[in-house]
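**Q** Questions regarding the structure given below will be posed in turn.
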Amino acid sequence: MASVSSTQPIRQPGLSNLLTKALRLCGLAAMCVLALIFAAPLLWLADVAFRPKSEIFSVPPKILSGPVTETMKSYSLESFRQAIDRWDVGQAFLNSAFITVSAIVLTILVCSLCAFAFAHMRFPGRDIVFVCLLATMMMPTVTMISPYYRVLRLYGLNNTYQGLIIPYSASVFLLFLLRQYFVKIPSSYIEAALMDGASMFRVWWQIILPLGKPALATLAIYQFRAVWNDFLIPMIVLRNRALHTLPIKLQFMDSQNYNVPFDAIMATSLIAVLIPVVFFFLFQKQFIEGLSGGLKG
Amino acid sequence: MSVAADTAQRRGRKIPLRLGKLQPLLFIAPFIAVLAAFHFYTYYVGVKMSFTDAQSINPGEWIGVSNYVEVLTDDPDFWAAIRHTIYFTVGGLLTQIPGALILAVILNGIAGRLRGVLRTSYYIPVLINTVVAALIFRMMFNRDTGLINWTLGRLGLPNNTNWLYDSAYSVPLMVAVAFWQWVGYHMVYLLASLQAIDPQVYEVAKLDGASPLRVLFQITIPLLRPALTFVSVTSAIGCLQVFEYPFLLFPNAGYGPGKAAMTAIPFIYRNAFSSQFRYGYAAAAGWIVFFMILAVSLLQLRVLGLSQAEDL
C-alpha cells in the first residue's frame with residue numbers, strides 16, 4: 001500500500017477528491033438531461049409528423065399517453081400524402097434540391113477560380129483587392145432588401161432560379177476559405193505543369209481542384225446548410241408559388257387564414273429537417289469541421 | 001494521346017500565354033462580376049432609393065433626407081425595433097457564449113463515445129431550418145396544448161403562462177430558441193480550440209494544486225480568447241440580423257404581441273414588403289441599420305482584440 005501511495009506524490013485529501021467526483025457526476029447527469037431537452041423538439045416533430053391532425057396537439061403528447069406501441073397504431077403517411085397532393089411539397093422539395101445543388105456547383109467554380117488567382121498568381125493590386133474583399137464580409141447586405149429586389153427586377157431575375165443561385169456563388173467567406181487552402185499547395189507543382197505546357201486553366205482543373213478537395217468539401221457543406229435553410233432572400237426572389245422552396249412553402253402553409261394544415265406542415269418540416277440531418281450522420285466529421293473549424297483553414 | 005489532339009492542345013496553350021498579365025483578371029472576373037452586380041450595385045441603388053419616396057415598382061420622386069429624418073425622429077416603431085434587437089443580441093451573447101463555454105469544458109472532460117453522442121445531440125439544432133425551429137417552438141410554447149407548459153405542470157411548476165401572448169416574454173422566448181439553435185455551434189468551435197491546448201499546461205496547474213475554477217478562469221479562458229472573440233462576433237452578427245424568429249415564432253406573423261418581438265431586419269422587411277411597400281423608406285432604414293451593425297462588428301473586434309481575430 002505504502003509503495004502505491006508513494007508513486008502518487010500528490011494525493012488529494014479524501015473529502016475534496018470525493019467532492020470533485022460528485023461534481024463530475026452531477027455535471028455528467030446535467031449534460032445528459034440537457035441533451036434530452038435539446039433533442040425533445042425534434043423527437044416530438046418526428047412523432048407527430050406521422051399522426052393524424054387531431055393527435056398533433058393532444059395533451060399529454062399522444063406517444064406518452066399509453067404504451068408506446070399502442071399509441072403508434074395511429075401512425076400513417078397521410079400527412080405526407082396531404083403535403084404532396086394538396087400543397088405541392090414534392091415540387092418544393094425538387095426546387096430546394098435543384099437550387100442547393102446548382103448553388104454549390106456554381107460556388108465551387110466561381111470561388112475556386114478566384115481563390116486560385118489570389119493564391120498563386122501575381123498581378124498589380126492583388127493584396128489590396130483581397131483585403132477590400134475581406135472587408136466586405138462585415139457588411140450586412142441583408143439590410144438592403146428593397147434595393148436588392150429592384151436590382152433583381154432590373155436584371156429580369158426576380159421569380160427565377162438564377163436570381164437566387166448566381167448571387168449565392170460569390171461568397172467572400174468561402175473565397176477566403178479556399179484561398180487559405182490553395183496557398184498551401186506547393187507552387188512547384190504548378191510550375192512543373194506550366195513547363196509541361198499546361199495552361200493556367202488546366203492547372204486549375206487538373207491540379208488545384210483535385211488537390212483542393214478537402215476545402216471544396218468544406219465549402220459544399222457550408223453552402224448546403226446555408227442555401228437549403230435560407231428563407232428571407234428566397235422569399236423575396238421567388239414570389240411565384242411554383243418556385244417555392246421548402247422553407248417558403250412552410251411559411252405559405254402556415255399563413256393560411258383558416259384551417260391551417262398542421263399535419264402537412266409537420267410532414268414538410270420533417271422532410272426539410274431530415275435531409276441535412278441524414279447528411280450530417282453520413283459526413284459527421286467533415287460537417288463539424290466545415291461549419292465551425294472552416295475558418296482555421 | 002493522338003498527334004491531332006496533341007497539336008490541338010499546343011495550339012490552345014498559345015492563347016493564355018499571349019494574354020500575359022491579363023490572365024489573372026480572367027480568373028477573378030466571374031467572382032468580382034457577381035459581387036459587383038448583386039452587392040455593390042445594390043448599395044448604389046440603395047443610396048439613390050433612400051432619398052426618394054419610391055413605392056413598390058414606382059421609382060418615386062427625390063425627397064432629400066426626409067426618409068432618414070422620419071426614421072430617426074418620427075417612427076417609434078424603429079426605435080422599438082432597435083431596442084428589441086439590442087435586448088435580443090445582449091441576451092443571446094450572455095446565454096450562448098457562457099453556455100457554450102461551460103458545455104465545451106464539461107464535454108472536454110468526458111471521454112469516449114458518450115462525448116460524441118452528447119456533442120451530436122447539442123449540434124443537431126444547428127442543422128435545423130430556422131423556419132421549422134420557429135414553427136415547432138410556437139407550437140411547443142402554446143399555453144394550452146404546448147409541450148413546455150405540460151412539462152412544467154408535470155414538474156409541479158406554474159403551467160398557465162401565456163408565453164406567446166405576453167409581451168414580457170417575447171424577447172426572452174427568442175433568446176431561448178436562439179440558445180437552443182446556436183449553442184452547439186459555438187460549443188463545437190470552442191471544443192476544438194480546447195483540444196488544441198497543450199495538456200501539459202493542465203498537468204502543471206494540477207501539480208500546483210490549482211482548483212478547477214481557478215484553472216478555468218486563469219488558464220482556459222485566457223487561452224481560448226481568440227476562439228471566444230470569434231464566437232462572440234459571429235453570435236452578435238447573427239443576433240443583430242435575426243429575421244425568422246420575430247417573423248414566425250409568434251402567431252399571425254404579428255412580430256409578437258404588440259410587435260414586442262419586432263427587430264431591425266423585420267422592421268425593414270415590413271416597411272418594404274408587407275405594409276405599404278415603401279421601398280425608399282425601407283432603404284433609408286436599411287442604411288441606418290447597416291451602419292449600426294457594421295459599427296457593432298468593428299467595435300467588437302476592437303474591444304475583443306483585432307490581432308487575435310486576424311490570425312484565426
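The values are calculated or read from the model by the stated rules, or taken from the named source; none is laboratory data. Model, not experiment: these values are computed from the prediction. When we count neighbours, we look across all protein chains shown, and the Cβ atoms used for this are built from the backbone with ideal geometry, even at glycine.
**Q** In the range B:148-170, which residues are touching a residue at least 24 places away in the same chain (Cβ under 8 Å), surrounded by 14 or more Cβ atoms within 10 Å (Cβ to Cβ) and not hydrophobic (A, V, I, L, M, F, W, C)?
**A** Passing the criteria: B:165, B:166, B:170.
**Q** Considering each residue of the range B:274-300, count those that are farther than 30 Å from residue B:230 by Cβ, touching a helix residue (DSSP H, G or I) at 6+ places or on another chain (Cβ under 7 Å) and assigned to a helix (DSSP H, G or I), and give that number.
**A** Here the count works out to 6.
**Q** Restricted to the range A:239-287, and to residues that are among the aliphatic types (A, V, I, L, M) and more than 23 Å from residue A:55 (Cα to Cα), which residue is modelled with the lowest pLDDT? Full working, then the answer.
**A** We begin by selecting, within the range A:239-287, every residue among the aliphatic types (A, V, I, L, M); these are A:242-243, A:246, A:248, A:250, A:253, A:260, A:264-267, A:270-275, A:277-278, A:282.
Those left that are additionally more than 23 Å from residue A:55 (Cα to Cα): A:242-243, A:246, A:248, A:275, A:277-278, A:282.
Values: A:242: 93, A:243: 95, A:246: 97, A:248: 96, A:275: 94, A:277: 93, A:278: 92, A:282: 89.
By that ranking, first place goes to A:282.
**Q** Out of (1) more than 7 Å from chain A (Cβ to nearest Cβ); (2) aliphatic (A, V, I, L, M); (3) touching a helix residue (DSSP H, G or I) at 6+ places or on another chain (Cβ under 8 Å), what's the single condition that is false for residue B:157?
**A** (3)
**Q** Follow-up. Just to be sure I understand, how many residues within the range A:54-98 are in contact (Cβ under 8 Å) with a residue 40 or more places away in the chain, closer than 23 Å to residue B:140 by Cα and crowded, with 18+ Cβ neighbours inside 10 Å?
**A** 5
**Q** Which of (1) more than 23 Å from residue B:22 (Cβ to Cβ); (2) modelled with pLDDT under 95 does residue A:191 not meet, given it meets every other one?
**A** Residue A:191 satisfies every listed condition except (1).
**Q** Could you grab me the full set of residues in the range B:50-60 that are of a type outside the set (Ser, Thr, Tyr) and at pLDDT below 95?
**A** Once the filter is applied, which keeps residues that are of a type outside the set (Ser, Thr, Tyr) and at pLDDT below 95, the range B:50-60 yields B:53, B:54, B:55, B:57, B:58, B:59, B:60.
**Q** Can you find a residue that is closer than 30 Å to residue B:256 by Cα and without any contact (Cβ under 8 Å) to a residue 60 or more places away in the chain anywhere in the range B:184-193?
**A** No, because not a single residue in the range B:184-193 is closer than 30 Å to residue B:256 by Cα and without any contact (Cβ under 8 Å) to a residue 60 or more places away in the chain.
**Q** Which of the following residues is touching an Asp or Glu at 6+ places or on another chain (Cβ under 8 Å), assigned to a helix (DSSP H, G or I) and surrounded by 20 or more Cβ atoms within 10 Å (Cβ to Cβ): B:107, B:173, B:135?
**A** Answer to the selection: B:135.
**Q** Could I ask something else about it? Looking only at residues that are surrounded by fewer than 24 Cβ atoms within 10 Å (Cβ to Cβ) and more than 8 Å from chain A (Cβ to nearest Cβ) in the range B:279-297, which one is nearest to residue A:146 (Cα to Cα)?
**A** Looking at the filtered set, the residue picked out is B:288.
**Q** Turning to a different aspect of this structure: What do you reckon, is residue A:195 buried (at least 22 other Cβ atoms within 10 Å of the Cβ) and in the same structural domain as residue A:105 (by TED's automatic domain parsing)?
**A** Criteria not met by residue A:195.
**Q** If you don't mind, there's one more thing I want to ask. What residue, of A:183, A:227, A:203, is of a type outside the set (Phe, Trp, Tyr) and at pLDDT 95 or above?
**A** Result: A:227 is the single residue among A:183, A:227, A:203 that is of a type outside the set (Phe, Trp, Tyr) and at pLDDT 95 or above.
**Q** A further question follows. Yes or no: residue A:144 assigned to a loop (DSSP other than H, G, I, E, B) and at the interface with another protein chain (Cβ under 10 Å from one of its Cβ atoms)?
**A** no
**Q** Related question: Are there any helices (runs of 4 or more DSSP H) wholly within the range B:181-271 with 2 or more residues that are closer than 30 Å to residue B:68 by Cα, within 24 Å of the chain's Cα centre (by Cα) and at the interface with chain A (Cβ under 9 Å from one of its Cβ atoms), and if so which?
**A** Details: elements: B:199-207, B:212-215, B:225-240, B:244-248, B:264-269.
So the answer is B:225-240, B:244-248, B:264-269.
**Q** Same structure again: Which one is surrounded by the most Cβ atoms within 10 Å (Cβ to Cβ) among residues in the range B:238-259 that are within 14 Å of residue B:86 (Cβ to Cβ) and of a type in the set (A, V, I, L, M, F, W, C)?
**A** It comes out as B:239.
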